[in-house]
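Structure first, then comments.
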């Protein structure tokens, strides 16, 4: 991860902001969590049973053709876009949750410098999903403002605030994130939305550079992602 590489730096910054800076990837404490690799395309993941009784979450992930624009799957398992959106739950206080959790993730990008879309489906049970959503409501309080640093000494000032978002399914928690380089202005913008649908939590993150994502764009992606989960996994 070298800032001098102009095409790699934006995604690298996004990973710092959305994964590492706020405490690491999400977890439901007390559950046995098994994650599928974030940047492996859905077609290559090994099926495994979920706590909700399904054998495979892959079919419920969005495909590149279902996204607005020209997106492709993140090219390698080491893609800097692979962990987009995974950091928010690191801001929350852990809370015990029953049962087992299984996840499936897909990451897409429209060009080397984005925009990027990351989707994650978390399958557990109704109680665990509800507890996770309640914990996410603490993110702004716990991590509203914090700093980060990239190799080479570049510092970032990161702000997370709640994003007003229409109610979808059981519960919605949404965030707006901005990463600024002091003296240079904003470099990374992200909208990250979590939707609970019964025992499932659908996490969708849209990351752009230099200009903030349009809310209508992330809303369209989220609605399509949740509708696919409802159809494929809940039969609704």
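Check residue 161 against each of (1) over 23 Å from residue 113 (Cβ atoms); (2) outside any strand (DSSP E or B); (3) free of Cβ contacts under 8 Å to residues at least 24 places away in the same chain and name the one condition it does not meet. Only one criterion in (1) over 23 Å from residue 113 (Cβ atoms); (2) outside any strand (DSSP E or B); (3) free of Cβ contacts under 8 Å to residues at least 24 places away in the same chain is unmet by residue 161, namely (2).
Count of segment 171-221 residues, restricted to those that are in contact with a helix residue (DSSP H, G or I) (Cβ under 9 Å, 6 or more places away or on another chain), part of a loop (DSSP other than H, G, I, E, B) and crowded, with 16+ Cβ neighbours inside 10 Å, is 2.
Any read-out appearing in this document is the output of simple, stated calculations on the displayed coordinates, not a laboratory observation. Values in this document were obtained by computation on a predicted structure and should not be read as measured data. Virtual Cβ from ideal backbone geometry, glycine too; neighbours counted across all protein chains shown.
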